[in-house]
Amino acid sequence: MNAYYLRVVLRCLLVALWLPTIAFASTITLDKTLEGITFPTVVIVFVLSSLSGATALLQRIDRELRESVTKTLPRPTLFAASHMLGSWLAGCLAFMLAENQNINDWLELGIIVVASFAGAKFIESISEKYMAHWTPQAPLGEKGAP
């Protein structure tokens, strides 16, 4: 019973932390946020995220094919698309965070590369965790049951 109350308190605390965040976000305008970002900067971030994401994708495909009994990828288009979108999302998030903290440009580029390389797998593992929590599980004995 104590664990239940602890979870309730933690959830209430999490909700309470959103209020100052929303208040702070309402003070920032889009023009102020984008004033120092140029088109070449966006292109460089996109290219670095793409190269890093593609490298991670090729490593994952190699690992998946080595571990697979059938030596095929199920739904390869969806596999590649979800991986690359996750890499771009992670790279974009890393860029925004680095810009917000006024990090040195070379360090910022390194952070973007690392985030894009690791980002797709991280986002996939988090989404699988939450999707498994919210989707109903098949009863034992049915197809797809653990």
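Computed over region 38-132, the percent of Cα pairs more than 20 Å apart is 40.
Spin-label model, residue 17/residue 67: points 7 Å from Cα along the beta carbon direction are separated by 3.1 nm. Potential lengthening of the chain between residue 102 and residue 122 amounts to 4.7 nm, from the contour at 0.36 nm per residue minus the alpha-carbon distance.
Readers should treat all values here as calculations from the given coordinates under stated rules, not as data from a laboratory. Computed from a predicted structure; not experimentally measured. Note: ideal-geometry Cβ built from the backbone for every residue, glycine included; neighbour counts use all protein chains shown.
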